[in-house]
Amino acid sequence: MFKKLKGEIWEFRTLFNKTYFRIFAFWDKENKQETLVLATHGIIKKTGKTQDKEIEKAEQIRLKYFELKKENNGNKK
């Protein structure tokens, strides 16, 4: 299952060997030719609600990704 959590952060959920896994991700749609889905990190889900700190961690990784991408694109010019 793929579910939007908050802002631009999404969550992949799966069950394997009686254990729930959650992988946090975001989309990079800046290039009209390609769309990337980037995974930030994953957790083993033990409670019913996703912790805000995990969503915030994914958001910080997303922001850093776009910051570095912008810097790298500026260096190519």
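The values are calculated or read from the model by the stated rules, or taken from the named source; none is laboratory data. Since the model is a prediction, treat every value here as computed from it, not as a measurement. Cβ atoms come from the backbone with ideal geometry, glycine included; neighbour counts cover every protein chain shown. All accessible areas refer to the heavy atoms of the entire protein, side chains included, with ligands and DNA or RNA removed. Shrake-Rupley method; radii C 1.70, N 1.55, O 1.52, S 1.80 Å.
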**Item:** Output for segment 1-19, where each listed residue is touching a strand residue (DSSP E or B) at 6+ places or on another chain (Cβ under 8 Å) and over 18 Å from ASP52 (Cβ atoms)
**Value:** MET1, PHE2, PHE12, THR14, LEU15, THR19
**Prompt:** Condition test on TRP27, is it touching a residue at least 12 places away in the same chain (Cβ under 8 Å), open to solvent by 80 Å² or more (accessible area, probe 1.4 Å) and of a type outside the set (D, E, K, R)?
**Reply:** yes
**Request:** Could you identify the single residue in THR50, THR40 that is touching a helix residue (DSSP H, G or I) at 6+ places or on another chain (Cβ under 6 Å) and surrounded by 13 or more Cβ atoms within 10 Å (Cβ to Cβ)?
**Result:** THR40
**Request:** Please enumerate the residues belonging to segment 32-66 that are more than 10 Å from the chain's Cα centre (by Cα) and of a type in the set (A, V, I, L, M, F, W, C).
**Result:** LEU36, ILE43, ILE44, LEU63, PHE66
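In a helix (DSSP H, G or I), over 11 Å from ARG22 (Cα atoms) and touching a residue at least 12 places away in the same chain (Cβ under 8 Å): is that true of LYS64 in this structure?
On the way: in a helix (DSSP H, G or I): yes; over 11 Å from ARG22 (Cα atoms): yes; touching a residue at least 12 places away in the same chain (Cβ under 8 Å): no.
It is false that LYS64 is in a helix (DSSP H, G or I), over 11 Å from ARG22 (Cα atoms) and touching a residue at least 12 places away in the same chain (Cβ under 8 Å).
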**Item:** Subset of segment 1-24 that is of a type in the set (Val, Ile, Thr) and under 9 Å from the mean Cα position of the chain (by Cα) - its residue that is surrounded by the most Cβ atoms within 10 Å (Cβ to Cβ)
**Value:** ILE9
